[in-house]
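Down below is the structure, laid out as structure tokens.
The values are calculated or read from the model by the stated rules, or taken from the named source; none is laboratory data. Not measured: the values here are computed from a predicted model. Heads up, the Cβs are rebuilt from the backbone with ideal geometry, glycines too, and the neighbour counts pull from every protein chain shown. Note: accessible area is taken over every heavy atom of the protein model, side chains too, but ligands, DNA and RNA are not part of it. Shrake-Rupley method; radii C 1.70, N 1.55, O 1.52, S 1.80 Å.
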Amino acid sequence: MAHTRPALRLCAIACSLALLAPAHAATLTRDNAAAVGDNQNSQTAGPSGPVLLQDVQLVQKLQRFDRERIPERVVHARGAGAYGVFESSADISALTRAKVFAKGSKTPVFVRFSTVIHGLHSPETLRDPRGFATKFYTSEGNWDLVGNNLPVFFIRDAIKFPDMVHSLKPSPDTNLQDPNRFFDFFSYQPEATHMLTRLYSDYGIPKGYQYMDGNSVHAWKLVNAQGRYVYVKFHWASRQGQHNLTMQEAAAIQAHDFNHASRALMAAIQHKHYPQWDLYIQVMQPEDMARLDYNPLDATKIWSGVPEHRIGTMTLNRNPGNIFQETEQSAFAPSNLVPGIEPSEDRLLQGRIFAYADTQLHRVGTNGLQLPVNRPQAVVDNNNQDGAMNGGQRQGSVNYEPSRQGGLQQDASARYSQLPLSGSTQQAGISKTLNFRQAGEFYRSLNKQEQANLIANLAADLGQVRNEATRNTMLSYFYKADSGYGQAISKVLNANVADIARLAAQLHE
């Protein structure tokens, strides 16, 4: 009996704690246990307006997501960087007052290339989007153009970004990446069909960082001296050409070198074979946006048929002296803007404007922009103060504004442009989804061998999916994009093509 009483007491305590523990919630909640009313769409100012900061679910998801890793980047952990110069070659002063684009001007830059999903020391041969982030040290302050090698993205609303990355990251119970998980997620995101088609083509594994293009993915606004704006997309075109690896070539390289892309970039610069990219823009007038049969502010879309204009060239000519101090501590954020460049109402971009800067505050620190690689070459003078590792030189008694005792003053010429708004706040998807057409157009742009590689690459992962409904849903998306595309991959996976065709017929663009 002497031995049973402690066990009984432990059982009583455990049972009491079990009664106190909350039951599993069937309803999705925020951290304060409040129910979430819409976890699919950010709140916007009307159907075409910007995302609202009052969307606490969006903000909390992004805040919590940004703090999931210490100190490695949650995404874009694996990367390589280099310094260089951007020279503007076109007069676009009618479009923007940004001095970085003054014809003939030369602006120092730092570029960080990266893979997106995999960790700090992962092989550079893995199938993954590649980040292409450029920090311009302009005379008006730093401008960060943060994009990818592929011109589109998986999702169109930032509220789904943590979910998407969670599905693509290793499973929390096995620490292994699992196609069953990410295709389960993407089967609910038909807009991902375009990005998946590009990613599983040979463009999903570039031969090296200097052999890939860069794209802003998002639309931005260029604003001129009169406050008028146009929408633009940016495109870095590699002068080295775009060269990719097949699945077999990537495996052969990975067998003896999983740092091939970083090694090649550093070697090229060391031997003075300086990589170059031409910068192009596509321009769209605000009044032309509504005439399209797709939403041009949707990050899953390219601007088909809109001509490109070359506006400058970037040359990378110096390797970092210390990878940690420069490449790893470099902090990029789409919120680093200069007068004449503003964010569009793209829902994914609106979330990134907050999330990237917030990530860097968490990852590098409150005063991370004082580090040499992040420090603007223009004068920084504001009332932000203190915080860990503050190496600034702020002096004086007036650390507020306005003041009659001196201090800093705002500059009215740097005010944002004005966006006409109408309607009410909402949480709803965009009206022009067009989820499949551009995926089909890209598939048909590939030659027969490239199409065959795409089918093989995609089947290698989709063939691992055990859930038949998930697998068939994904097949129906590819069939809807192009019937030949859908038939080809369905046959490889021994799916019933007639069943897939029936599912595809029920889908709407």
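Observations on the model:
- Once backbone amide H atoms are built at 1.01 Å from N, Ala331 has no partners under 5 Å, excluding neighbours fewer than 5 places away on the same chain.
- Here the Karplus curve 6.51 cos²θ - 1.76 cosθ + 1.60, taken at θ = phi - 60°, turns the phi angles of region 164-175 into couplings of 4, 5, 4, 5, 7, 6, x, 4, x, 9, 10, 6 Hz, with x standing for Gly and Pro.
- Part-to-part distance (alpha-carbon centres) for region 409-434 and region 79-102, which is given in Å: 26 Å
- Per-residue accessible area (protein heavy atoms, 1.4 Å probe) orders His118, His273, His194 as His273, His118, His194, starting from the largest.
- Here's how it looks for Gln426: its modeled amide H is under 5 Å from those of Thr44, Gly46, which are all 5 or more places away or on a different chain.
- Region 171-330 - convex hull of the alpha-carbon atoms, volume per residue in Å³: 199 Å³
- Relative contact order computed over region 436-506 (Cα-Cα under 8 Å; 6+ residues apart), in percent: 36 percent
- If R0 is taken as 41 Å, the Cβ-Cβ distance between Arg415 and His256 corresponds to a FRET efficiency of 0.15.
- About its Cα centre, the dipole of region 436-506 is roughly 100 debye, where the only charges are +1 on Lys and Arg Cβ and -1 on Asp and Glu Cβ.
- This model, with +1 at the C-beta of Lys and Arg and -1 at the C-beta of Asp and Glu, gives the chain a dipole about its Cα centre of some 420 debye.
- Contact order, relative form, for the chain: 19 percent (alpha carbon pairs under 8 Å, 6 or more residues apart, mean separation divided by residue count).
- The tail of the calculated P(r) for region 84-202 beyond 24 Å holds 44 percent of all Cα-Cα pairs.
- Accessible area in the full protein assembly, largest first, 1.4 Å probe, for Met164, Met247, Met389: Met389, Met247, Met164
- Annotation: lysines with alpha-carbon distance below 25 angstrom to Lys99 (same-chain offsets under eight excluded): Lys135, Lys221, Lys233.
- Spatial separation of Cα centroids for region 245-323 and region 172-226, in angstrom: 13 Å
- Summing Lys and Arg as +1 and Asp and Glu as -1 over all other residues whose Cβ lies under 11 Å from the Cβ of Asn149 gives a net charge of 0.
- Electrostatic tally near Leu316: other residues with Cβ closer than 12 Å to its Cβ, Lys and Arg +1, Asp and Glu -1, net +4.
- Two-decimal log10 I(q)/I(0) for region 295-371, as the Debye equation yields it once each C-alpha is a single scatterer, q = 0.16 Å⁻¹: -0.89
- A cut-off under 10 angstrom between Cβ atoms defines the neighbours of Tyr416, and their net charge, with Lys, Arg +1 and Asp, Glu -1, is +1.
- Divided by 2.2 N^0.38 Å, where N counts the residues, the Cα radius of gyration of region 436-506 comes to 1.01.
- Arg67 paired with Ala225, simple spin-label distance in nm, labels 7 Å along Cα-to-beta-carbon: 4.6 nm
- A dipole drawn for the chain from +1 and -1 charges on Cβ atoms has a positive end, and of Gly407, Leu458, Thr433 the residue lying farthest that way is Gly407.
- In plain terms, the bigger the Kirkwood radius, the slower the diffusion; for the chain, with that radius from Cα pairs, at 4 °C and 1.567 mPa s, Stokes-Einstein puts D at 52 µm²/s.
- Accessible area ranking (1.4 Å probe, heavy atoms, ligands and nucleic acids excluded), largest first, for Lys480, Lys103: Lys103, Lys480.
- Evaluated with a Cβ-only charge set (Lys, Arg +1; Asp, Glu -1), region 402-465 carries a dipole of roughly 240 debye about its Cα centre, given to the nearest 20.
- Shape class of region 338-418 from the alpha-carbon gyration tensor: oblate, with a/c at 1.5 or above and b/c at least as large as a/b.
- Estimated 222 nm signal from helices in the chain, with DSSP H stretches of n ≥ 4 weighted -39500 (n - 2.57), rounded to 500: -8500 deg cm²/dmol
- Considering only Val152, Pro372, Val492, the residue lying farthest towards the positive end of the dipole of the chain is Pro372, judged by Cα position with unit charges set on Cβ.
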